[in-house]
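Below is one structure, written out as structure tokens, with a few remarks after it.
The values are calculated or read from the model by the stated rules, or taken from the named source; none is laboratory data. Just so it is clear, the structure is predicted and the values come from calculations on it, not from any experiment. Methodologically, a virtual Cβ is constructed for each residue, glycine included, from the backbone with ideal geometry; neighbour enumeration extends over all protein chains shown.
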Amino acid sequence: MTRLLVVHPNPLVVMDRAMALEHAGYTVETCHGPADTDCPILTDQACPLLDRADALIYDAALGSEQEMQLLIDHLRQTYVDLPLIVLGGDEAAVWGEPEGPHRVWRMPSVGSVGQLAELIEDALTEQGMGV
């Protein structure tokens with residue numbers, strides 16, 4: 001079963017997303033993001049939650065453009081092949097690559113669970129991790 005890490009600062013939002021994704025057949029762990037705890041990713045260390053994850057779903061509301069770029073850079077140094085799906089944020093943002101091995105998949109935060117599940121499967125397949 002595909003294991004996802006869902007990150008959002010609002011406990012109600014993260015639990016709502018987790019429940020919807022679990023209902024869609026995924027195993028889900030949650031995190032409230034670097035503002036809530038000392039995030040090991042920001043110091044180029046491994047994260048126990050990401051070590052178990054097949055994909056990361058991260059909400060762009062967690063940071064500014066500069067913070068998102070820093071986080072993505074650190075993520076890509078530590079978790080090169082992990083599919084990264086970012087919900088929301090400015091579609092014109094320069095952080096993250098739109099294609100290639102360090103691709104960041106993007107989706108509006110108001111998309112449906114079905115759309116998100118399709119994006120997750122596309123990301124896993126493109127990264128060669130499809131199950």
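General observations
- Selection over segment 120-131 of residues that are small (Gly, Ala, Ser) and at pLDDT 80 or above gives a count of 1.
- Test: residue in segment 53-65 that is at pLDDT below 85, surrounded by fewer than 18 Cβ atoms within 10 Å (Cβ to Cβ), under 14 Å from the mean Cα position of the chain (by Cα) and not in a helix (DSSP H, G or I): no
- Any chance Leu42 is out of contact with any Cys (no Cβ under 9 Å at 6 or more places or on another chain) and surrounded by fewer than 17 Cβ atoms within 10 Å (Cβ to Cβ): yes
- The single condition among (1) surrounded by 14 or more Cβ atoms within 10 Å (Cβ to Cβ); (2) not hydroxyl-bearing (Ser, Thr, Tyr); (3) not in a helix (DSSP H, G or I) that Leu70 does not satisfy is (3).
- Residue identified as aliphatic (A, V, I, L, M) and within 24 Å of Glu118 (Cα to Cα) among Leu50, Leu42: Leu50
- For segment 75-119, the candidate set comprises residues that are β-branched (Val, Ile, Thr) and in a loop (DSSP other than H, G, I, E, B); within that set, the residue that is modelled with the lowest pLDDT is Val94.
- Unique residue being in contact (Cβ under 8 Å) with a residue 40 or more places away in the chain and either closer than 17 Å to Gln115 by Cα or under 15 Å from the mean Cα position of the chain (by Cα) (or both) when the list is Arg3, Arg76: Arg3
- Leading residue by the ranking (surrounded by the fewest Cβ atoms within 10 Å (Cβ to Cβ)) among those in segment 1-37 that are among the β-branched types (Val, Ile, Thr) and farther than 14 Å from Cys47 by Cβ: Thr27
- Test: residue in segment 39-53 that is under 20 Å from Gly111 (Cα atoms) and not charged (D, E, K, R): no
- Selection within segment 1-34 - of a type in the set (A, V, I, L, M, F, W, C) and assigned to a strand (DSSP E or B): Leu4, Leu5, Val6, Val7, Val28, Cys31
- Among the candidates Leu56, Leu82, residue that is under 24 Å from Leu21 (Cβ atoms) and touching a Pro at 6+ places or on another chain (Cβ under 8 Å): Leu56
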